[in-house]
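Here's the structure we're looking at; comments come further down.
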Amino acid sequence: MRLPKFQYLEPRELEEALEMRALYGAQSALLAGGTDLLVRMKQRLMKPSFLISLKNLRELSGIRIQGKEMLIGAGTPLKEVAGSALVNLHFPALAEAARAVGAYTIQQVRGTIGGNLCQDTRCLFYNQSAFWRSGRQACHKAGGKICYAREGSDRCRSTNQSDGATALMALQARVTLRNSQGLRDLSLEELFTMKGETPLDLAPNEILTQIRLPMDRPGGASAYERIAYRSAIDFPVASAGVWLESEGGTISKARIAVGCMGNAPLLILQAGESLEGRPLEDTQALAKAARIAMDQASAFAVENVGATVEYRVEMVSVLVERALRRASARAAEEKRGEGS
Amino acid sequence: MSRVPLKLKVNNEELELLVEPHWTLLEVLREELDLTGTKEGCGEGVCGACTVLLDGKPVRACLTLALEAQGCSVTTVEGLAGEKGLDPLQESFIRHGAVQCGFCTPGMIMAAKALLLENPCPQEEDIRKAISGNICRCTGYAKIVEAIAAVASQHDPAAKGSVGTLKEEPA
């Protein structure tokens, strides 16, 4: 498969890249690892006139702790995120999500955490070759007025299948978006628009430079779970990220994010709240929270990523419960570690 | 659009080429350099048949722009055999009958090579994980895993020039 033609730009530093973004705006696309972008360009889902390569921008890469935050450069390869001692120690859910993307040897070497977070929403009726799509009318995502995933839908129902996004949502990540004038600081809830046609609040003149995770939360533990047809290469058909904060064996705060159900990872507040004040080892409470997450997420899912909706929805409860059990075990282990 | 210069070291040979910006590394290897050992299967990063080493790391040549490899060292399956004959991995694939139709073989061997460069003594699980991004539609995975494991088990960390090295270290 051939790529469409474009002009290739190689900024040497971030400022230069931001000026190119300011100049070329929506005609430009950012090339990091390319494992998602180049596929969509080959399928003619995108035809940018200018491709801005981020490969020389060293300032976009690296993981460090600064003040009360962990800073992860958006251009950090997934392999580095998965293998980082800092990430594995403080936010194992993110390491688990990075490890689950694509194939261990390939996408993770080139693919970046920023690219994974910003990957477009997907749909079986959209992410196909130009030839396949040429036989049908354009759907909402392609600028038309119909939806093949749900009959009569007045908007795009494409699905966010990013592993990184679901884990980062549970971990309460924030992102830094830069343009040539300044920067914006958004929570993930703000980054995602919940619109399938334009899933990200990322302006054509902006570049995602950093992902930031709050570190001032003692007693935190996390885990990520996903289910896919195959353990390698495939996108997940359901996923869950959880974050638990506990004090003296009692859960003080919980964040439960469900992936692959809506246009964005879904933060199920009610499920998290149901765990507050519960002991870490209260498995019934964990199971109940998982069922709440499933019930709420079920309203969003449509038949468009492979497995049946019924199966995917049921798996939400299974995956949330598994993730909660593992996070709870991690929290308990940490508590024992402190006691000795 | 006009062609732009690309400096590349392919299988230890320094090259200066003129390429279109939208050419992938795979297109340059196969069509400009006639290195057709690297295969195009799916063209979208799913099958792994186009796996090559870029500065010693495995990448999908079909999803790597040629210009992104500017100044890098590329190793394809053609670059494994030396004056002394085939690479131990290639010998092992033959000995174990790990080749059926052969289409996935270059990608499998390069993915395995990348693993052995990083970890000369992998466990079976590491091997399975390393080739998890490569599809063999003849489904001959068992023999492939055996072939890679056999090379790994021969490895003596003290011995020079063993499997865990390229002929010349990438820059």
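Please work out which one of (1) of a type in the set (D, E, K, R); (2) touching a Leu at 6+ places or on another chain (Cβ under 6 Å); (3) at the interface with chain A (Cβ under 10 Å from one of its Cβ atoms) is the condition B:Arg3 fails and give its number.
Just one mismatch for B:Arg3, condition (3).
Let me spell it out: the conditions are (1) free of Cβ contacts under 8 Å to residues at least 12 places away in the same chain; (2) of a type in the set (Val, Ile, Thr); (3) more than 11 Å from chain B (Cβ to nearest Cβ), and A:Val81 meets all of them except one. Which number is the exception?
With respect to (1) free of Cβ contacts under 8 Å to residues at least 12 places away in the same chain; (2) of a type in the set (Val, Ile, Thr); (3) more than 11 Å from chain B (Cβ to nearest Cβ), A:Val81 is out only on (1).
Can you find a residue that is surrounded by fewer than 18 Cβ atoms within 10 Å (Cβ to Cβ), over 29 Å from B:Glu68 (Cα atoms) and within 14 Å of another protein chain (Cβ to nearest Cβ) anywhere in the stretch A:127-138?
Within the stretch A:127-138 (the criterion being surrounded by fewer than 18 Cβ atoms within 10 Å (Cβ to Cβ), over 29 Å from B:Glu68 (Cα atoms) and within 14 Å of another protein chain (Cβ to nearest Cβ)), the answer is yes, since at least one residue qualifies.
At least 2 residues that are touching a residue at least 40 places away in the same chain (Cβ under 8 Å) and surrounded by fewer than 17 Cβ atoms within 10 Å (Cβ to Cβ) in each: list the strands (runs of 3 or more DSSP E) lying fully within the stretch B:11-112 that qualify.
Counting at least 2 such residues, we get no strands (runs of 3 or more DSSP E) at all.
When the residues of the stretch A:173-186 are narrowed to those that are surrounded by 13 or more Cβ atoms within 10 Å (Cβ to Cβ) and among the polar types (S, T, N, Q), which ends up nearest to the chain's Cα centre (by Cα)?
A:Thr176
Looking only at the stretch A:36-50, count how many residues are more than 14 Å from A:Arg122 (Cα to Cα), within 9 Å of chain B (Cβ to nearest Cβ) and over 21 Å from the mean Cα position of the chain (by Cα).
Selection size over the stretch A:36-50: 1.
On the basis of being buried (at least 24 other Cβ atoms within 10 Å of the Cβ), within 30 Å of A:Ser28 (Cα to Cα) and of a type outside the set (A, V, I, L, M), does A:Gly196 make the cut?
It is true that A:Gly196 is buried (at least 24 other Cβ atoms within 10 Å of the Cβ), within 30 Å of A:Ser28 (Cα to Cα) and of a type outside the set (A, V, I, L, M).
Any idea which residue in the stretch B:30-66 is farthest from the other protein chains (Cβ to nearest Cβ), counting only those that are over 18 Å from B:Cys136 (Cβ atoms) and among the hydroxyl-bearing types (Ser, Thr, Tyr)?
My answer is B:Thr36.
Within the stretch A:2-14, is there a residue that is closer than 23 Å to B:Val4 by Cβ and modelled with pLDDT under 95?
Yes, that holds for at least one residue.
For residues that are among the aliphatic types (A, V, I, L, M) and at pLDDT below 95, scanning just the stretch A:103-118, find the one that is surrounded by the fewest Cβ atoms within 10 Å (Cβ to Cβ).
A:Val109
Against the definition (over 14 Å from the mean Cα position of the chain (by Cα), charged (D, E, K, R), at pLDDT 95 or above and within 23 Å of B:Glu40 (Cα to Cα)), how does B:Lys143 come out, yes or no?
Against the criterion (over 14 Å from the mean Cα position of the chain (by Cα), charged (D, E, K, R), at pLDDT 95 or above and within 23 Å of B:Glu40 (Cα to Cα)), B:Lys143 qualifies.
State all residues of the stretch A:103-124 that are more than 12 Å from every other protein chain (Cβ to nearest Cβ) and either touching a Leu at 6+ places or on another chain (Cβ under 7 Å) or part of a loop (DSSP other than H, G, I, E, B) (or both); if no residue qualifies, say none.
A:Thr112, A:Ile113, A:Gly114, A:Asn116, A:Leu117, A:Cys118, A:Gln119, A:Asp120, A:Thr121, A:Cys123, A:Leu124
Please work out which residue is farthest from A:Thr198 (Cα to Cα), limiting yourself to the stretch A:125-147 and to residues that are touching a residue at least 24 places away in the same chain (Cβ under 8 Å) and assigned to a loop (DSSP other than H, G, I, E, B).
A:Ser129
Is it the case, given these coordinates, that A:Ala271 is in a helix (DSSP H, G or I) and of a type in the set (A, V, I, L, M, F, W, C)?
Yes: the conditions hold for A:Ala271.
Go through the residues of the stretch A:18-35 one by one and say whether even a single one is of a type in the set (Asp, Glu) and either at the interface with chain B (Cβ under 9 Å from one of its Cβ atoms) or in contact with a Pro (Cβ under 6 Å, 6 or more places away or on another chain) (or both).
No, there is no match, as no residue in the stretch A:18-35 is of a type in the set (Asp, Glu) and either at the interface with chain B (Cβ under 9 Å from one of its Cβ atoms) or in contact with a Pro (Cβ under 6 Å, 6 or more places away or on another chain) (or both).
Looking at (1) crowded, with 21+ Cβ neighbours inside 10 Å; (2) under 21 Å from A:Leu171 (Cβ atoms); (3) touching a residue at least 40 places away in the same chain (Cβ under 8 Å), find the lone condition where A:Met315 falls short.
Tallying (1) crowded, with 21+ Cβ neighbours inside 10 Å; (2) under 21 Å from A:Leu171 (Cβ atoms); (3) touching a residue at least 40 places away in the same chain (Cβ under 8 Å), A:Met315 fails exactly one: (2).
The rows are residues; the columns are (1) within 14 Å of another protein chain (Cβ to nearest Cβ); (2) outside any strand (DSSP E or B); (3) hydrophobic (A, V, I, L, M, F, W, C).
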{"site": "A:Ala203", "(1), (2), (3)": "no, yes, yes"}
{"site": "A:Leu213", "(1), (2), (3)": "no, no, yes"}
{"site": "A:Arg226", "(1), (2), (3)": "no, no, no"}
{"site": "A:Ala240", "(1), (2), (3)": "no, no, yes"}
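Among what's in the stretch A:288-340 and is part of a helix (DSSP H, G or I) and in contact with a Gly (Cβ under 8 Å, 6 or more places away or on another chain), pick the residue that is nearest to A:Ile227 (Cα to Cα).
The extreme case among them is A:Ala323.
Return a yes/no flag: does the stretch B:54-64 have any residue that is among the β-branched types (Val, Ile, Thr) and outside the structural domain of B:Glu20 (by TED's automatic domain parsing).
no
Select, from A:Ala257, A:Ala285, the only residue that is over 13 Å from A:Ala327 (Cα atoms), in a helix (DSSP H, G or I) and assigned by TED's automatic domain parsing to the domain that holds A:Gly164.
A:Ala285
The values are calculated or read from the model by the stated rules, or taken from the named source; none is laboratory data. Predicted, not measured: the structure shown is a model, and the values here were computed from it. We place every Cβ from the backbone using ideal geometry, glycine too, and count neighbours over all the protein chains shown.
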